[in-house]
Amino acid sequence: MNDPAPNGLRRRTWLRRLILWCAIPIFGITGTILLVDRIIMPWWTRHGEEYAAPTLIGRSQTAAQALLTPYESITQVAERRFSADHPDGTILEQRPLPGAPIKRGRNFNIVISRGSELIDVPRVRGGSLRQAELMLEQVGLAVGGRAYTYEDSLPEGAVIGTIPSVGSSLTKGGAVNLLINHSPDASKTFCPNLVGLNIEEARDTLRDRGLLVGSIDRRFDATLLPGTIVGQSFSPGEELPPGSEIDFVISRDR
């Protein structure tokens with residue numbers, strides 16, 4: 001006669017195994033769904049989210065990098081370029097452009113200013129006026145005013161020197177004044193450069209040249225001390241008869 005106990009035990013063991021086999025896939029599927037829903041999908045949707053590119057132009061590279069940190073982006077210097085209008089280290093251009101749609105981790109190529117290009121004043125002494133003008137233009141400088149004086153070691157019309165002097169550094173396009181050799185002539189005098197002088201200095205300068213103070217106009221200029229000359233009626237170096245009157249404009253208080 002068969003014992004029913006072993007058969008019942010076998011049935012219970014088989015049932016537990018069946019339940020376990022069914023439960024493992026169910027738990028696995030449920031865990032996978034939770035992983036995708038709670039972790040993977042939120043990360044993926046954030047990764048693909050687009051933002052408007054911030055404006056980096058006009059900022060330093062350090063400030064720009066701080067601005068890009070929330071976007072997990074970095075700056076890469078593509079070029080360094082001279083710019084008279086932007087200080088050294090300022091961002092001139094950026095790619096992507098400001099406002100363009102970007103995703104996290106997008107890198108930015110930037111062009112950074114090297115500041116104003118400085119040029120040394122060349123030696124033009126002894127050459128003609130035309131030679132001096134061409135030399136200044138070739139190095140990127142402009143010819144400013146002309147003043148006349150006399151030096152017997154150089155021929156008439158030769159360039160004696162420059163203001164600023166040789167070797168001085170100017171920004172590209174800066175003006176260089178030329179001193180031209182001219183023999184004395186009692187019937188002629190030359191207008192001096194009065195800009196930047198005060199009234200008393202201007203009177204003394206004109207008196208030494210045999211010239212007179214003409215009309216004086218006043219104009220507000222917050223960047224200059226009151227009484228500073230900001231303009232004159234004749235150009236520096238212009239040939240005038242003695243006794244001519246020079247009108248000028250001076251700065252005044254508001």
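The values are calculated or read from the model by the stated rules, or taken from the named source; none is laboratory data. Remember, it's a predicted structure, so these values are computed and weren't measured experimentally. Heads up, the Cβs are rebuilt from the backbone with ideal geometry, glycines too, and the neighbour counts pull from every protein chain shown.
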In region 138-151, how many are outside any loop (DSSP other than H, G, I, E, B) and either in contact with a Cys (Cβ under 9 Å, 6 or more places away or on another chain) or closer than 17 Å to residue 164 by Cβ (or both)? 8
Selected residue (criterion: nearest to residue 174 (Cα to Cα)) from residues of region 80-98 that are in contact (Cβ under 8 Å) with a residue 24 or more places away in the chain, within 8 Å of the chain's Cα centre (by Cα) and assigned to a loop (DSSP other than H, G, I, E, B): 84
Looking at the structure I just gave you, is residue 154 surrounded by 14 or more Cβ atoms within 10 Å (Cβ to Cβ), without any contact (Cβ under 8 Å) to a residue 60 or more places away in the chain and assigned to a loop (DSSP other than H, G, I, E, B)? yes
Go through region 210-254 and give me each residue that's at positive phi and in contact (Cβ under 8 Å) with a residue 60 or more places away in the chain. 237
Please go through region 159-176 and pick out each residue that is under 10 Å from residue 120 (Cα atoms) and either crowded, with 19+ Cβ neighbours inside 10 Å or under 23 Å from the mean Cα position of the chain (by Cα) (or both). 168, 169, 170, 171, 172
Cβ contacts < 8 Å: first residue assigned by TED's automatic domain parsing to the domain that holds residue 149, restricted to region 180-209; second residue in a helix (DSSP H, G or I), any location; separation 6+ or different chain. Result? 180/129
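The rows are residues; the columns are (1) within 38 Å of the chain's Cα centre (by Cα); (2) assigned to a loop (DSSP other than H, G, I, E, B).
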site	(1), (2)
207	no, no
210	no, yes
219	yes, no
225	yes, yes
230	yes, no
236	yes, yes
246	no, no
251	yes, no
Residue 230 versus (1) under 30 Å from residue 83 (Cβ atoms); (2) exposed (fewer than 15 other Cβ atoms within 10 Å of the Cβ); (3) among the β-branched types (Val, Ile, Thr): which is the lone unmet condition? (2)
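To keep it simple, each residue is scored yes or no on (1) within 28 Å of residue 85 (Cβ to Cβ); (2) out of contact with any helix residue (DSSP H, G or I) (no Cβ under 9 Å at 6 or more places or on another chain); (3) modelled with pLDDT of 90 or more.
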residue	(1), (2), (3)
136	yes, yes, yes
143	yes, no, no
148	no, yes, no
151	no, yes, no
156	no, yes, no
163	yes, yes, no
Just name the residue that is farthest from residue 115 (Cα to Cα) out of those in region 165-189 that are modelled with pLDDT of 85 or more and among the hydroxyl-bearing types (Ser, Thr, Tyr). 165
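One line per residue, one yes/no per condition, for (1) within 26 Å of residue 254 (Cα to Cα); (2) among the β-branched types (Val, Ile, Thr):
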| site | (1), (2) |
| --- | --- |
| 189 | no, yes |
| 193 | yes, no |
| 212 | no, no |
| 223 | yes, yes |
| 234 | no, no |
